[in-house]
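Visitor: Attaching a single structure in structure tokens format; questions to follow.
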Amino acid sequence: MIALDDMDRAILRALEADATLSAGALGRRLGLSQPACWRRIRRLEEEGIIAGRRLVLDHAAAGFGVTVFLGVKLATKGRVSLEDFERAVTAIPEVQVVQHVLGLFDYRLKVRARDIADFERVLRRRIMTLPGLGQVEANVLLSEERLPGPLG
């Protein structure tokens, strides 16, 4: 684990806001030369602090206007393996995130659908047929605000 200085944190904040910034543009913004900025970014990647860069979609604009979080508790009868459940649930394209959690539920799923009718179809035909499925609780996302992370 490397110690992050103020410039590292500034680079990370800038890349969190816009991961498409080049090392040159980022360096100009932060008062670094392009090679110095590139070396810092490369070091952050090599240390695993920057694990990747991703595209952020506007799901509603892409036709997926409903997001539902499901709490899933596996049934105790039959004792299906976690691997079997995980393999089956990750094969459902509408399930965007699968989190194995500790607490009331065993898993938390993030499901994207075109609308409520589409979500109901996914729920009935795909999710409710998962191996070992027990209790399911749904929470429909009404709004979302992205807050800055711990780097500020």
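The values are calculated or read from the model by the stated rules, or taken from the named source; none is laboratory data. Predicted, not measured: the structure shown is a model, and the values here were computed from it. Here the Cβ positions follow ideal geometry from the backbone for every residue, glycine too, while neighbour counts run over all protein chains shown. Keep in mind that these areas ignore ligands, DNA and RNA; they rest on the heavy atoms of the full protein, side chains included. Shrake-Rupley method; radii C 1.70, N 1.55, O 1.52, S 1.80 Å.
Visitor: To the nearest 10 Å², what's Thr90's accessible area with a 1.4 Å probe?
Guide: Near enough 90 Å² of accessible area.
Visitor: Over region 60-140, average the accessible area per residue using a 1.4 Å probe and give it in Å², no decimals.
Guide: 60 Å²
Visitor: What does the charge count around Lys73 come to, taking other residues whose C-beta lies under 9 Å from its C-beta (Lys +1, Arg +1, Asp -1, Glu -1)?
Guide: Once all neighbours under 9 Å are counted, the net charge is -2.
Visitor: Additional query: Counting only C-alpha contacts under 8 Å and six or more residues apart, can you give the relative contact order of region 1-116 as a whole percent?
Guide: Taking the mean separation of contacting Cα pairs over the length of region 1-116, I get 21 percent.
Visitor: Extension gain Arg42-Arg28, at 0.36 nm per residue separation less the Cα-Cα distance, in nm?
Guide: In short, 3.3 nm is gained.
Visitor: Would you rank Met128, Met1, Met7 by solvent-accessible area, highest first, keeping every protein chain in place and using a 1.4 Å probe?
Guide: Met1, Met128, Met7
Visitor: For region 60-140, what Kirkwood radius comes out of the mean inverse Cα-Cα distance, in Å?
Guide: Value: 12.8 Å, from the Cα pair sum.
Visitor: Considering only C-alpha atoms, what is the centroid distance from region 12-43 to region 103-136, in Å?
Guide: 41 Å
Visitor: Here's a follow-up. Accessible area, 1.4 Å probe, largest first: how do Ile11, Ile116, Ile50 sort?
Guide: Ile116, Ile50, Ile11
Visitor: For region 1-85, which trypsin sites (Lys or Arg not before Pro) are in a loop by DSSP, counting at most 16 other Cβ atoms within 10 Å?
Guide: For trypsin sites (Lys or Arg not before Pro) across region 1-85 that sit outside H, G, I, E and B with at most 16 neighbouring Cβ atoms in 10 Å, the list reads Arg53, Arg54, Lys77, Arg79.
Visitor: How long are the semi-axes of the ellipsoid equivalent to the chain, from square roots of 5 times the Cα gyration tensor eigenvalues, in whole Å, largest first?
Guide: Result for the chain: semi-axes of 39, 19, 13 Å.
Visitor: While we're looking at this one, here's another question. Can you send over the carbon and sulfur percentage of the accessible area for region 44-152, probe radius 1.4 Å, protein chains only?
Guide: 51 percent
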